[in-house]
Structures are given as structure tokens and as C-alpha cells.
Amino acid sequence: MIRPLAAIGLALPLLAAKSDPLAGRIAGTPQRCITLSLTNGPSIVDAHTILYTEGAGRRVWKTGPVGDCPSLEPLTTLIVDVYGGQVCRNDRFRVLTPGTTIPSAYCRFTEFTPYTRPATPRKRD
């Protein structure tokens with residue numbers, strides 16, 4: 001019985017690395033704001049990670065809540081207060097849990113850190 005558990009214990013880190021949306025990307029300098037017209041999202045990864053994808057996925061912007069944010073988890077909906085065409089650090093958002101009609105209390109965004117996929121060298125024929 002111990003051997004199968006050991007195998008599962010060894011496999012879990014591999015599964016986690018495979019599903020990490022930031023794996024293989026290089027973190028850049030955190031920015032105060034991102035332009036919404038250039039991004040898709042938000043995607044909620046966990047209670048502390050919110051991602052916005054830029055373009056075809058070459059760059060991913062990582063942010064999260066300042067402190068704890070009630071109900072922030074995958075498959076919930078963010079209701080973001082947008083002023084202009086950008087979302088910035090300390091802008092407010094609320095979380096709407098599936099099956100409910102009343103959103104959570106207000107939460108605030110942290111800075112937005114870009115994670116860029118390294119350029120692949122082109123093959124010369």
C-alpha cells in the first residue's frame with residue numbers, strides 16, 4: 001500500500017507544474033496598470049492569483065487581491081470597476097459566486113506583473 005502512495009506523491013508535483021500557466025515564462029517589472037483592450041480575461045487561478053492574457057498568449061499579466069478577498073476562486077466571476085480603458089493597482093472588483101446574485105465585498109488589485117514566453121529562435125533553411 002505504501003508504494004502506490006509514494007508514486008502518487010511523486011506525480012503530484014509533476015501534474016502541478018504541467019498545469020501552471022506561468023511555467024516557462026520570464027517575469028518582468030511589475031506595472032501599475034494594464035490596457036484592457038489588449039487583454040483577455042480575467043482568469044482566476046486561485047484565491048491569490050488572477051491572470052489577464054495579452055494577444056495570442058505570449059504575455060500573461062499576473063495580479064491578485066490586496067489581502068484576502070472573499071469567495072475568490074476558480075469558476076467565479078469578477079465584476080471589475082473600470083474607469084477609462086485600463087485596470088490599475090488598487091482598482092476595485094467584486095466576486096460573484098455561481099448560483100448567487102449578490103456579489104462579495106469590494107477587493108482591490110495588486111500590481112500587474114508581466115510574464116513573457118521567451119522568443120523561440122527561428123530555424124534557417
Which numbered condition Leu22 misses (of (1) outside any strand (DSSP E or B); (2) at pLDDT 95 or above; (3) touching a Phe, Trp or Tyr at 6+ places or on another chain (Cβ under 8 Å)): (2)
Only one of these conditions is not met by Gly28: (1) modelled with pLDDT under 95; (2) surrounded by fewer than 17 Cβ atoms within 10 Å (Cβ to Cβ). Which number is it? (1)
Scan of region 47-58 for residues that are at pLDDT 95 or above and of a type outside the set (A, V, I, L, M, F, W, C), ordered by number: His48, Thr49, Tyr52, Thr53
Result of the Cβ filter at 8 Å on region 41-58, keeping first residues that are farther than 13 Å from Leu78 by Cβ and free of Cβ contacts under 8 Å to residues at least 60 places away in the same chain and partners that are crowded, with 17+ Cβ neighbours inside 10 Å and among the small types (Gly, Ala, Ser), at least 6 apart or interchain, is His48/Gly64; Thr53/Gly41
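Considering only residues that are hydroxyl-bearing (Ser, Thr, Tyr), closer than 19 Å to Pro21 by Cβ and touching a Lys or Arg at 6+ places or on another chain (Cβ under 8 Å), which ones fall in region 75-125?
To start, the set of residues in region 75-125 that are hydroxyl-bearing (Ser, Thr, Tyr) comprises 76-77, 83, 97, 100-101, 104, 106, 110, 113, 115-116, 120.
Keeping just the survivors that are closer than 19 Å to Pro21 by Cβ gives 76-77, 110, 113, 115-116, 120.
Listed by number, the residues that qualify are Thr110, Thr113, Tyr115, Thr116.
Of everything in region 68-106 that's of a type in the set (S, T, N, Q) and in contact (Cβ under 8 Å) with a residue 24 or more places away in the chain, which residue is nearest to Ser37 (Cα to Cα)?
Selected residue: Gln86.
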For region 107-125, pairs from a residue that is within 14 Å of Val60 (Cβ to Cβ) and basic (Lys, Arg) to a residue that is modelled with pLDDT of 75 or more and in a loop (DSSP other than H, G, I, E, B), with Cβ under 6 Å and 6 or more apart or across chains, are Arg117/Arg25; Arg117/Arg58
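The values are calculated or read from the model by the stated rules, or taken from the named source; none is laboratory data. Keep in mind the model is a prediction, meaning the values are calculated, not measured. Note that each Cβ is placed from the backbone with ideal geometry, even for glycine, and that neighbours are counted across all protein chains shown.
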